[in-house]
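The values are calculated or read from the model by the stated rules, or taken from the named source; none is laboratory data. Here the structure is a predicted model, which means the values were calculated and not measured. Backbone-built Cβ (ideal geometry, glycine too); neighbour counts: all protein chains shown.
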Amino acid sequence: MKRADKAVRILEILDALYPERPIPLDHTDPFTLLVAVALSAQTTDKKVNQVTPALFAQAPTPEAMAAMPVETVRDLIREVGLAPTKARNLVAMAQLLVRDHGGQVPADMDALEALPGVGHKTASVVVAQAFGIPAFPVDTHIHRLAARWGLSTGRNVVQTERDLKKLFPKDRWNDVHLQIIFFGREHCPARGHDLSTCPICGWAATKKRIAEEARR
């Protein structure tokens, strides 16, 4: 089956499974979303949602975050991975938002990626979910499933993102990336997965991928 035909069928399945697509990270505005996404690297969304209420109670705005000692931020987020580094980045990020952007989160990929601790994936999530700008953030779930389903041969998330953007309608990118994440978490684990019983892998997985999975 051609990639384009696979993408159409996959989208139909995802729409049936996930007609609602809630954002997994709790937030109230672009700034709290930016902070939550930055914290989510190498940490589960569940853990991020556990630590952000206390953080946002003390620092709900860039101005408040910029004025906080790094040590205070670190203590508030200590349960997430890489907490010391993330605390430094959050304070520095907030300070730049105040200094260069009037305390507002910019709706621009380049400006976001220039902020401390904000990479391409984080910036993509923010423009997509906070501002509704079409983007296709690729995390480990999406990268893995795109390979399993034969939608991409990308060796890295950059190439996978390019491939998926070509296959799915631009006006659906923001939805599809969430749907694939939900599907990966609920139906398509990285290991111990029986591809033959999977609603998508059962027909979409490539022979090469099936053989690779069987050797694990």
**Message:** Can you go through 181, 133 and tell me which one is surrounded by fewer than 16 Cβ atoms within 10 Å (Cβ to Cβ), touching a residue at least 24 places away in the same chain (Cβ under 8 Å) and within 22 Å of residue 34 (Cβ to Cβ)?
**Reply:** 133
**Request:** Could you please let me know if residue 109 is outside the structural domain of residue 159 (by TED's automatic domain parsing) and either crowded, with 18+ Cβ neighbours inside 10 Å or in contact (Cβ under 8 Å) with a residue 60 or more places away in the chain (or both)?
**Result:** no
**Asked** In the set 52, 44, which member is in the same structural domain as residue 115 (by TED's automatic domain parsing) and either under 17 Å from residue 175 (Cα atoms) or modelled with pLDDT under 95 (or both)?
**Response** 44
**Prompt:** If residue 38 passes every condition in (1) of a type in the set (A, V, I, L, M); (2) within 17 Å of residue 173 (Cβ to Cβ); (3) touching a Gly at 6+ places or on another chain (Cβ under 6 Å) but one, which one does it miss?
**Reply:** (2)
**Message:** Could you list, ordered by first residue, the pairs with Cβ atoms under 6 Å in which the first is in the range 157-171 and under 17 Å from residue 140 (Cβ atoms) and the second is of a type in the set (Ser, Thr, Tyr) and surrounded by 13 or more Cβ atoms within 10 Å (Cβ to Cβ), at least 6 apart or interchain?
**Reply:** 160/152; 163/152
**Asked** Taking the stated definitions as given, is residue 126 surrounded by fewer than 22 Cβ atoms within 10 Å (Cβ to Cβ), modelled with pLDDT of 95 or more and either in contact with a Ser or Thr (Cβ under 7 Å, 6 or more places away or on another chain) or of a type in the set (Val, Ile, Thr) (or both)?
**Response** no
**Request:** Select, from 88, 99, the only residue that is in contact with a Pro (Cβ under 9 Å, 6 or more places away or on another chain) and of a type in the set (D, E, K, R).
**Result:** 88
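Checking the condition assigned to a helix (DSSP H, G or I) and modelled with pLDDT under 95, which residue from 216, 172, 185 passes? Full working, then the answer.
Numbers: 216 fails: assigned to a helix (DSSP H, G or I); 172 fails: modelled with pLDDT under 95.
Matching residue, one of 216, 172, 185: 185.
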**Prompt:** With respect to residue 7, is the statement that it is assigned by TED's automatic domain parsing to the domain that holds residue 152 and either of a type outside the set (Lys, Arg) or surrounded by fewer than 19 Cβ atoms within 10 Å (Cβ to Cβ) (or both) true?
**Reply:** yes
**Request:** Please enumerate the residues belonging to the range 184-211 that are buried (at least 19 other Cβ atoms within 10 Å of the Cβ) and in contact (Cβ under 8 Å) with a residue 60 or more places away in the chain.
**Result:** 200, 204
**Request:** Name, by its number, the condition in (1) modelled with pLDDT under 95; (2) not assigned by TED's automatic domain parsing to the domain that holds residue 121 that does not hold for residue 13.
**Result:** (1)
